[in-house]
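Right, one structure below, let's go through it.
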Amino acid sequence: MTLTSGTAKDAVTIQRDLADLALELVDRVGVEGAIRYCNSLGWRGVLAQIEAMRARR
């Protein structure tokens, strides 16, 4: 499957939004709290961003 340029831009925007939400959650409740919160809500995309942040630290 090939992404059109509009779809690729949308995917980048979504990833950026997920990363922004992940950063805000980590700032408010810490990494472990954010992971628990995302797990409880099933927010896999945000959870992936938080786990990537944790791996970089």
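The values are calculated or read from the model by the stated rules, or taken from the named source; none is laboratory data. Note that the structure is predicted; figures quoted are calculated from it, not measured. FYI the Cβ positions are ideal-geometry reconstructions off the backbone, even for glycines, and counts take in every protein chain you see. Accessible surface is based on the protein model in full, side chains and every heavy atom, while ligands, DNA and RNA are left aside. Shrake-Rupley method; radii C 1.70, N 1.55, O 1.52, S 1.80 Å.
At a glance:
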quantity	calculated
Test set (1) open to solvent by 90 Å² or more (accessible area, probe 1.4 Å); (2) in contact (Cβ under 8 Å) with a residue 24 or more places away in the chain; (3) in contact with a Leu (Cβ under 8 Å, 6 or more places away or on another chain) - Ile14 fails condition number	(3)
Subset of the range 39-57 (residues that are open to solvent by 80 Å² or more (accessible area, probe 1.4 Å) and assigned to a loop (DSSP other than H, G, I, E, B))	Trp43, Arg57
Total residues in the range 26-38, condition open to solvent by 40 Å² or more (accessible area, probe 1.4 Å) and within 12 Å of the chain's Cα centre (by Cα)	0
Qualifying residue in the range 17-25 (condition: surrounded by fewer than 12 Cβ atoms within 10 Å (Cβ to Cβ) and out of contact with any His (no Cβ under 8 Å at 6 or more places or on another chain))	no
